[in-house]
Amino acid sequence: MRLLILINSLDCLGENDAVLSSAFRRIGYEVILGEINTIAADDYRYFTRGVLVPEDAEPYSPGSVAPWTRETYFLDECQLIWVLGSPQARVFRDIWRMLWLASRQTPFVNSVEGLVFLNSKHAMGYLVPKENRAFSYVSNDFSSLWDRYQQAPDQWWVAKPPNSGCGQNVFLLPQNGPNVRTILQCLTGNTVAQSEMDYGGLGGFMADYAILQKFIPEVAQGEKRIIVTCGKVVAWHGRQRHPNDHRSNLTQGGKAVPVDLNANEVALAELIGKNLMAHGINFGALDMAYPYIIEFDLGFPGGLYDTKLVSGVDRSDHVAELIIARFKKHFKS
Ligand SMILES: Nc1ncnc2c1ncn2[C@@H]1O[C@H](COP(=O)(O)OP(=O)(O)O)[C@@H](O)[C@H]1O
Ligand SMILES: [Mg+2]
């Protein structure tokens, strides 16, 4: 059996690629790591540049360069494909379209439709019950966001982009904050200032979307990152924000800590895991400050590796077993 894991770069291996390729090799799978941004087609047969991880390869560390020979691998010669990378902005339309076409023939751990349409903060309203998400207002019009903010003068808010990550441009908005107008303008492309300055409107369309979301005070107690595989909770750790920042992202100084999950947290995570499975998403991460879900991450979510670091427990074998059990019946010999 051959598993192709599509990753961002062979020159900087990601944390999931490291733990998951080892787990699948332990079970006896052939694992190819292929670069998502090099997908191409030969008479409409899709291929990528990749490496075959040798059977006796030592486990490697995230951030290392894949030391093995680069070769060409056809997607239709693999039994299972796992997208654990994200296409670059310049090529994303080509890559997603070719991957979708490839997925007509070969099973994908996470469906292309799910990755394209649900891996965004827009999908919170669809996948998460109302009582488990904060009220959000989404627009690319500064003045309507500003009006909405002013309608609730006692409310603290967060403003953020719908399709970003690692805490980028996630702002905390206090009541009557003197920076709120400029933050909302900044997030929506500064359209008024830009059109004033470009003397006749040659500057192009600038109106980015922003989410204005009610602040969730439970976040102060810490968040839990939970990895869900085939609808089951498989790994988790806590994230405590740095005292100088309101965001708990590890890339912004948040700290991964060992935590327990209670039955309510498991039930909520598995409910969302089942909702994701209905759209072909069998692996993803959720950030929870119970009873709230902050967001989910389906692209190449961190969590398995950090859980191993903070608790010493490696859950990657369990992930591999669940995935294989789910896809067994689809495998072509
Ligand atoms: N509504 C909110 N209330 C409180 N804290 C929030 C809220 N939204 C985001 N945060 C904080 O900011 C962090 C980053 O926000 P998030 O929505 O997860 O964006 P990103 O995709 O950039 O990680 C969260 O992990 C959380 O600590
Ligand atoms: Mg986040």
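Things to note:
- Some residue of segment 146-155 being outside the structural domain of ALA256 (by TED's automatic domain parsing), at pLDDT 95 or above and within 20 Å of the chain's Cα centre (by Cα): no
- Just one of the numbered conditions (1) of a type in the set (A, V, I, L, M); (2) crowded, with 16+ Cβ neighbours inside 10 Å; (3) within 22 Å of LYS121 (Cα to Cα) is not true of VAL234: (3).
Residue-by-condition table, conditions (1) at pLDDT 95 or above; (2) more than 14 Å from ligand 2 (Cβ to nearest atom); (3) surrounded by fewer than 16 Cβ atoms within 10 Å (Cβ to Cβ):
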position	(1), (2), (3)
ASN169	yes, no, yes
PRO174	yes, yes, yes
GLN185	yes, yes, no
TYR199	no, yes, yes
LEU202	no, yes, yes
GLY222	no, no, no
ILE226	yes, no, no
HIS242	no, yes, yes
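- Scanning segment 151-167 for residues that are assigned to a loop (DSSP other than H, G, I, E, B), near ligand 2 (Cβ under 10 Å from one of its atoms) and more than 17 Å from ALA220 (Cα to Cα) gives SER164, GLY165, CYS166.
- Scanning segment 110-133 for residues that are part of a loop (DSSP other than H, G, I, E, B), over 13 Å from the mean Cα position of the chain (by Cα) and either buried (at least 19 other Cβ atoms within 10 Å of the Cβ) or charged (D, E, K, R) (or both) turns up SER111, VAL128, ARG133.
- Total residues in segment 273-309, condition more than 15 Å from ligand 1 (Cβ to nearest atom) and at pLDDT 95 or above: 11
- Scanning segment 280-290 for residues that are buried (at least 18 other Cβ atoms within 10 Å of the Cβ) and not small (Gly, Ala, Ser) returns ILE281, ASN282, PHE283, LEU286, ASP287, MET288.
- Only one of the numbered conditions (1) within 11 Å of ligand 1 (Cβ to nearest atom); (2) touching a residue at least 60 places away in the same chain (Cβ under 8 Å) is not met by HIS242, and that is (2).
The values are calculated or read from the model by the stated rules, or taken from the named source; none is laboratory data. Please read all numbers here as calculations on a predicted model, not as lab measurements. Note that each Cβ is placed from the backbone with ideal geometry, even for glycine, and that neighbours are counted across all protein chains shown.
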